[in-house]
Every structure is written in C-alpha cells, then in structure tokens.
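The values are calculated or read from the model by the stated rules, or taken from the named source; none is laboratory data. Predicted model only: the values in this text are computed from it and were never measured. Please note: Cβ atoms are built from the backbone with ideal geometry, for glycine as well, and neighbour counts cover all protein chains shown. To get the accessible areas, we keep the full protein, side chains included, count just its heavy atoms, and leave off ligands, DNA and RNA. Shrake-Rupley method; radii C 1.70, N 1.55, O 1.52, S 1.80 Å.
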Amino acid sequence: MEQVMVSDRWPLLMNPNRIEHGWWSFWEKARLAKAHEIVTGITDRRAVVYEIGAEEGDFPALYGTWGADVVMIEPSPFSWPQIRAHWEANVDRPPAGWFVGLVSDRDTTVVTDYDDTDRDGWPVCAFQPQRPEYGFRHIWEHASNTNQRKLDTLIPAQNWPHPDLLCIDVEGAEGIVLRGASKTLTEIRPHVLISLHYEGMRELYQTTADEAVHEYMATFDYTGHHLENAQEDHWWFAP
C-alpha cells in the first residue's frame, strides 16, 4: 500500500494498482466533500455510512478514516480481497457490516459461485488472493448466481446500525436500489448520495433518472441538489 491524498485533502493508503489510474487526486471532489461534511457533522457518535457498490474498497476505507462506521455492499466476490486490504490498511476497527450481493427491489436466494459465510468479520471470499483483473459484476449479467436483498430487509436481518448516509453507485440500477429502500427512506431518513448513470438506466432498465430517482425521492419529501458531473452525475438528496 502507498499513501495518496484523496482530493488533495485526505490521506489514504491505497493499492498500487489503483494509484496508477491517478483518479484519487481529482475524482468526485464535490461528492466526497459532501460525504465528509455529513460524516463529520455528527459529533455525538460515529456516523454510519452504507456504501452500496463498494467496488475495490478505497472510498469505504476513506469514510472509515473520517471516523464513520461503514457497511459495505458489493456483488463481486473478486473485489472483496481488495476491499478488505484497503480497510485493514487504513482503519483500526472492523466494518459495521457487509453483504456480498445486490441491493435490489426483491429478495432472492440462489446457489452462489462464491463463499459469503462469515470469517473473522468478513466474507470468506475476502480472504482469497487479490486478482489484478477488474472484478466488476453487473446485476444484469450475474443475477442468476448472485443473492439479492432489499435494503429494507437487510437492515433488520443483519442487525446493522441505521444509516446516516447512503452512497449509491450501481451503474444504472439506482431505481432498483431505491425501490427496495422505501421503509428506510420513510422511517430512518438518511442522507443519500447517488451517482446517476443515465445510459445504464435507459438501456438496461428502460427507465429515466426523472422517473427512477428524482420523482421517486420527491415522494419521500427529499430535496435533490446537483453536486457535479464527474463521469457520473452526482446528486445529494437531503431529508
């Protein structure tokens, strides 16, 4: 691991294969600044962040360095060794929770091609060797062998702490995640940071951001604020 300064502000130990992309200096500055504001604005306890689409774990580890308790959700078993490595290099406590699967608008249980049983506070697949290839798995490619859960189901079932902030980056499945979180949005009222993927929503889910996100969030009395366009379009929805 090598140290970088994310957004030229926050130190983070990062796997060299991530450093070579150079994204950490300029990527998603406005979104990360808002996440930092929300996390550090809670002073009487640790803030709780759910990272839905943890990818390779650098952002969850960054939230952990800010003092947040983090629940990590990522469907790709190939990503979990890097998620664990980033977390343990930067944070001196275990994550608040994890789920190897898809946060969706349905609850399905299937036979998986990976081991997601618990081992020392992590899924067993997090202890496999790190693989250099990119392990991203899309819901439309792997739904047949990937467990799906509504967020409304996962929180009580896993006894996770209630989220103060949901960070959602799911390549077009934003509406599906939100539809499975209606109780969470109604009763818990977390802040929500969403990275919108217009092409994915349109081509893979036959919906639009207006319908799947903006209009839907308005029904729960959330107010949307545009933060930036940095490859994805980043929005903060305030309760």
**Study point:** Amide H partners (placed H, <5 Å) of M14, local residues excluded
**Key:** E2, Q3, V4
Check your understanding: Ordered by residue, what ³J(HN,Hα) values in Hz, to whole numbers, does the stretch 80-94 give under the Karplus form 6.51 cos²θ - 1.76 cosθ + 1.60, where θ = phi - 60° and Gly and Pro are x?
Key -> 5, x, 6, 4, 5, 4, 5, 4, 5, 6, 10, 10, 9, 9, x
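With +1 on each Lys and Arg Cβ and -1 on each Asp and Glu Cβ, and nothing else charged, work out how big the dipole of the chain is about its Cα centre, in Debye to the nearest 20. Could you put the intermediate results ahead of the total?
Working: 19 positive and 38 negative charges, 100 e Å.
Roughly 480 debye, rounded to the nearest 20.
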Check your understanding: Which lysines, on any chain, are close to K183 with Cα under 20 Å apart, when same-chain ones fewer than 8 places away are left out?
Key -> K150
Study note, to complete from the structure: With the stretch 1-40 reduced to its Cα atoms and the Debye formula applied, log10 I(q)/I(0) at q = 0.27 1/Å amounts to -0.91
Revision key, fill the gap. Total charge of the residues flanking E2 in space, meaning their Cβ is under 11 Å from its Cβ, with Lys and Arg +1 and Asp and Glu -1, is 0
Exercise for review: Considering the options T153, Q128, Y216, tell which one lies farthest towards the positive end of the dipole of the stretch 87-233, charges being +1 on Lys and Arg and -1 on Asp and Glu at the Cβ, about the Cα centre.
Suggested key: T153
**Study point:** Residue-normalised accessible area of the chain, given per residue in Å² at a 1.4 Å probe
**Key:** 44 Å²
Review point. Given the C-alpha centroids of the stretch 49-92 and the stretch 157-186, what is the distance between them in whole angstrom?
Key: 16 Å
Check your understanding: Can you list the residues, at least 5 places off or on another chain, whose amide H is less than 5 Å from the amide H of S7, using H built in the peptide plane?
Key -> S25, F26, W27
Practice item. Rank-order 86-93, 72-79, 21-28, 7-14 by packing density, defined as the average count of other C-beta atoms within 10 Å over each peptide's residues, highest first. Key: 72-79, 86-93, 7-14, 21-28
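Cβ under 11 Å from A33's Cβ, A33 left aside: what net charge do those residues give with Lys, Arg +1 and Asp, Glu -1?
On the way: positive: R9, K29, R31, K34; negative: E28, E37, E228.
Around A33, the surrounding residues sum to +1.
With every protein chain kept in the model, how would you rank V111, V170 by accessible area, 1.4 Å probe, largest at the top?
V111, V170
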Revision key, fill the gap. For the stretch 20-34, in residue order, the Karplus 3J(HN,Hα) values (coefficients 6.51, -1.76, 1.60; θ = phi - 60°; whole Hz; Gly and Pro = x) are 5, 6, x, 5, 4, 7, 10, 6, 6, 4, 5, 5, 5, 4, 5
Review point. If you add up the charges near A230, with Lys and Arg at +1 and Asp and Glu at -1, over every other residue whose beta carbon is less than 9 angstrom from its beta carbon, what do you get?
Key: -2
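For the pair D210 and E37, what calculated FRET efficiency results from E = 1/(1 + (r/R0)^6), where r is the Cβ-Cβ distance and R0 = 22 Å, to the nearest 0.05?
The computed FRET efficiency comes out at 0.25.
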Practice item. Determine ³J(HN,Hα), in whole Hz, for all residues of the stretch 163-179 in sequence, where each value follows from phi through the Karplus function 6.51 cos²θ - 1.76 cosθ + 1.60 and θ = phi - 60°; x replaces Gly and Pro. Key: x, 8, 9, 9, 10, 10, 9, 10, 6, x, 8, 4, x, 5, 4, 5, 5
**Study point:** Candidates D113, D169, D58, ranked by Gaussian network fluctuation over the chain, Cα under 10 Å, top entry
**Key:** D113
Check your understanding: Considering the dipole of the chain built from charges on the beta carbon (Lys and Arg +1, Asp and Glu -1) around the Cα centre, which of A89, F59, N17 is farthest to its positive end?
Key -> A89
Point to revise | Among (1) 29; (2) 13; (3) 36, the entry derived from the coordinates for percent of Cα pairs over 32 Å apart | key: (2)
